[in-house]
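The values are calculated or read from the model by the stated rules, or taken from the named source; none is laboratory data. Please read all numbers here as calculations on a predicted model, not as lab measurements. Reconstructed Cβ throughout: ideal geometry from the backbone, glycine too, with neighbour counts over all protein chains shown.
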Amino acid sequence: MKPIIEVENLSKLYRLGVIGTTTLRDSLERWWYRIRGKEELCWKIGTKRFMVNPHDPQAGPEPNTIWALKDISFSVQQGEIVGIIGKNGAGKSTLLKILTRLTEPTSGRAIMRGRVSSMLAVGTGFHPELTGRENVYLNGTLLGMRKTEIDRKFDEIVAFAGIEKFIDTPVKRYSSGMYVRLAFAVAAHLEPEILLVDEVLAVGDAAFQKKCLGKMGDVAREGRTVLFVSHNMAAIQTLCNRTILLHLGQLVHDGSSHQVVQKYLQNGTQRAEVFFGPDTVRSGNGAARYTCARLLDRNGQVVSSVPMGHGVTVELEFECKAKITSPHFGVRLHTPLNQDLIWWRSDEMHGEMPSVSKGGVIRLHIERLNLLPGLYYLALGFSDGYQRLDLIEDGLELEITPQPVYATGKLPSSKRAVMFTPCSWTHEYK
Amino acid sequence: MLNKSTEQDSFEIIIQPNRSWFYIDWRGLLHYRDLLFFLVRRDFISQYKQTILGPAWFIIPPLITSLVFTVIFGKVAKISTDGLPPMLFYLCGLLAWRYFASCLGGTSGTFFGNANLFEKVYFPRLILPLSRIIFNLFAFTLQLATFLGFYFYYKYFTQVGLSIKPNLFIAVLPLLLLQTAAISLGVGLWLSALTAKYRDLRFLVGFLTQLWMYATPIVYPMSIVPEKWRPALAINPMAPIVELYRYAFLGTGFLNLNCLLISAVITIFVLLTGILIFNRTERTFLDTV
């Protein structure tokens with residue numbers, strides 16, 4: 001049987017900035033500049049800087065464009081409940097918007113072989129002057145139901161929301177909780193073959209949330225296909241047997257919910273690889289600048305955390321505006337409370353580095369980090385021996401994870417300590 | 001359990017870029033017809049709930065406008081009304097015109113006025129302007145009733161009534177109404193597409209409607225327009241419509257088949273191109289607003 005949802009190389013490019021809501025004047029101005037042959041001025045009109053760093057992995061082909069989704073492909077069989085997770089900005093809502101036909105993909109395509117209903121936001125179209133009853137009909141037809149269908153399910157909807165007494169009063173008198181429950185009740189009674197749900201479970205009290213999860217479970221049991229976007233990992237693991245992980249617009253993982261959720265949580269919120277752009281807070285005269293920083297383990301893989309006692313390599317990419325005869329690189333580790341712990345300086349530990357004119361990559365290899373588990377920050381510095389060229393205080397985050405480093409298997413406690421060292425205890429009793 | 005294997009084969013939506021500009025989701029429009037009904041109902045309830053006069057507000061403005069016109073244009077400026085009682089003359093013109101103007105106003109703000117609706121739910125976007133067009137029919141009906149009230153009074157209770165000669169063209173009026181709906185929808189779609197992208201143009205709409213009114217023979221009959229200017233007036237698709245309203249009810253005015261034909265052609269052209277550009281805007285609107 002053909003899959004009920006087939007997504008093939010779906011991509012979506014967005015233009016950032018004021019391009020959309022221009023006034024006639026802006027458009028005319030841009031056109032005027034263009035025919036005068038001054039193309040590059042286009043992007044400076046309105047005093048907007050570049051918003052997308054050209055080194056950003058999501059950067060699109062033109063300035064200020066970004067790939068919200070890039071080459072997403074997957075297929076879903078009828079009856080599957082698939083979770084979609086990812087950090088904010090990974091492209092989850094964009095994917096749902098395209099599948100709901102709210103916006104068009106830039107390339108690629110999706111085939112939906114069934115009636116689609118979405119719960120992207122409940123309560124759309126509710127008019128405050130209308131009564132609950134009238135709004136149920138309005139919202140229901142907006143979501144794609146027929147009037148007869150709503151007639152049939154009306155009592156169920158009202159019972160689910162628990163507002164029988166208030167159904168004939170204008171919605172403007174409802175409390176926000178009632179409003180949301182009614183809105184969700186309407187949406188919950190859609191009967192599409194494919195249901196797309198986007199984080200609706202974030203609303204309502206615990207009892208209501210439980211009801212919603214229950215309803216979604218029922219929907220799934222009836223054999224409908226559900227795509228469920230959420231940040232609630234517990235809900236994802238309960239409801240979905242399969243999960244897709246999106247990261248920076250790309251599909252990075254597709255498998256059993258448990259596995260994918262674990263992978264997502266592991267990479268948590270640490271930034272393993274950071275790109276520095278116009279928005280980075282930095283000081284220095286800028287004759288040379290760091291463009292990108294990342295942490296590598298001993299195999300050269302990018303990592304976001306380091307186990308206790310292990311080594312790590314800090315890799316920094318930089319660019320120079322002019323020739324720098326004696327570059328001095330520095331990486332300083334400090335705690336979140338700004339207590340400086342270690343300062344690695346290339347001039348002290350390596351000697352003079354050769355001169356550099358265009359840019360390149362510099363790596364700091366640290367053999368062992370005898371630090372206790374926790375979150376630390378790395379400040380990145382660049383000087384030419386006399387002046388500071390670049391200093392990014394909050395460059396990289398480094399997380400040290402617990403590891404049994406002692407034979408006892410116990411972990412050093414970090415209440416009054418920051419470091420640990422290899423050691424042994426010997427005894428001689430009387 | 002659902003047994004949708006047969007339906008699955010026939011029901012397929014392919015989502016891909018660069019859908020044809022002429023694509024109208026007919027099936028969607030049919031499916032969502034209940035929405036049309038409830039939208040009209042919503043507009044009706046929300047406009048007149050908690051008001052005293054309610055639907056009377058549909059009738060009062062044209063009455064007062066006609067009165068003002070009678071005084072200013074009739075008595076002060078002394079513009080001819082083809083020998084008809086001024087109240088009747090202006091009421092008739094306004095009857096035809098107000099439907100056009102209210103449809104234009106109601107449809108031109110579709111995109112930016114309903115952005116919140118559009119960004120959350122998918123439904124065939126044409127439903128919204130269509131709901132306005134249908135909603136305005138209520139006002140039209142009430143205004144027609146008012147006009148007929150005055151009409152019968154003048155015809156049967158006054159001297160001037162003898163010069164009022166209705167004729168069979170009254171039967172064509174539903175067609176004229178349809179054409180008015182079509183042209184206002186077409187222009188409305190154009191304007192909504194433009195205002196979706198260029199917000200400042202929405203200030204143009206009210207202003208445009210005002211000017212258009214003066215370019216249409218409402219406060220003056222076609223007969224006082226100099227011969228050489230008449231072809232220019234023919235480009236205004238509403239001009240022959242308004243004249244024909246007066247001709248049908250009151251028996252005066254010009255009846256020029258060529259003008260009517262041109263007007264119909266322009267209407268169809270504007271409507272089709274309006275749908276084209278509306279479709280195009282619908283696709284990209286969410287990315288730019």
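For this structure, a couple of remarks:
- Within the range A:155-173, considering residues that are out of contact with any Lys or Arg (no Cβ under 9 Å at 6 or more places or on another chain), within 15 Å of A:L130 (Cβ to Cβ) and touching a residue at least 12 places away in the same chain (Cβ under 8 Å), the one surrounded by the fewest Cβ atoms within 10 Å (Cβ to Cβ): A:K172
- Any hit, the range A:125-146, residues being free of Cβ contacts under 8 Å to residues at least 40 places away in the same chain, within 12 Å of another protein chain (Cβ to nearest Cβ), surrounded by fewer than 21 Cβ atoms within 10 Å (Cβ to Cβ) and part of a loop (DSSP other than H, G, I, E, B): yes
- Whether a residue is at pLDDT below 85, surrounded by fewer than 20 Cβ atoms within 10 Å (Cβ to Cβ) and among the β-branched types (V, I, T) was assessed, and A:V281 passes this test.
- Of the strands (runs of 3 or more DSSP E) lying entirely inside the range A:351-430, those carrying at least 3 residues that are touching a Lys or Arg at 6+ places or on another chain (Cβ under 8 Å) and closer than 30 Å to A:T325 by Cβ are A:374-383, A:388-401.
- Entry remark, the range B:82-133: residues being closer than 30 Å to A:I98 by Cβ, modelled with pLDDT under 85 and touching a Pro at 6+ places or on another chain (Cβ under 6 Å) number 1 in total.
- Failed criterion for B:V121 (all others in (1) away from every other protein chain (no Cβ under 14 Å); (2) closer than 24 Å to B:L189 by Cβ; (3) of a type in the set (V, I, T); (4) outside any helix (DSSP H, G or I) hold): (1)
- For B:Y214, the conditions (1) in a helix (DSSP H, G or I); (2) over 22 Å from B:G74 (Cα atoms); (3) modelled with pLDDT of 85 or more all hold with the exception of (2).
- Boolean, B:V225 is in contact (Cβ under 8 Å) with a residue 60 or more places away in the chain and of a type in the set (A, V, I, L, M): no
- Extreme residue, farthest from the other protein chains (Cβ to nearest Cβ), among residues of the range A:74-99 that are touching a residue at least 24 places away in the same chain (Cβ under 8 Å) and surrounded by fewer than 20 Cβ atoms within 10 Å (Cβ to Cβ): A:K87
- Leading residue by the ranking (surrounded by the fewest Cβ atoms within 10 Å (Cβ to Cβ)) among those in the range A:210-244 that are of a type in the set (G, A, S) and within 14 Å of chain B (Cβ to nearest Cβ): A:G223
- Complete set of residues in the range A:351-365 that are of a type in the set (A, V, I, L, M, F, W, C) and more than 25 Å from A:A287 (Cβ to Cβ): none
- As for the range B:189-203, it holds no residue that is in contact with a Phe, Trp or Tyr (Cβ under 8 Å, 6 or more places away or on another chain) and under 22 Å from B:L94 (Cβ atoms).
- For the range A:186-200, the criterion of being crowded, with 20+ Cβ neighbours inside 10 Å, within 14 Å of chain B (Cβ to nearest Cβ), in a helix (DSSP H, G or I) and at pLDDT 85 or above is satisfied by at least one residue.
- Any hit, the range A:43-66, residues being part of a helix (DSSP H, G or I), surrounded by fewer than 18 Cβ atoms within 10 Å (Cβ to Cβ) and modelled with pLDDT under 70: yes
- Those helices (runs of 4 or more DSSP H) of the range B:27-116 in which at least 3 residues are free of Cβ contacts under 8 Å to residues at least 24 places away in the same chain, within 14 Å of chain A (Cβ to nearest Cβ) and of a type in the set (D, E, K, R), considering only elements entirely within it, cover B:33-48.
- Residues that are outside any strand (DSSP E or B) and not hydroxyl-bearing (S, T, Y) were ranked within the range A:337-350; the one that is nearest to A:G284 (Cα to Cα) is A:D347.
- Residue in the range A:384-407 that is of a type in the set (A, V, I, L, M), surrounded by fewer than 15 Cβ atoms within 10 Å (Cβ to Cβ) and closer than 14 Å to A:P307 by Cα present: no
- The set of residues in the range B:195-235 that are farther than 30 Å from B:T284 by Cα and touching a Ser or Thr at 6+ places or on another chain (Cβ under 6 Å) contains only B:I224.
- In the condition set (1) under 25 Å from B:Q210 (Cβ atoms); (2) more than 14 Å from chain A (Cβ to nearest Cβ), B:G161 is compliant with all but (1).
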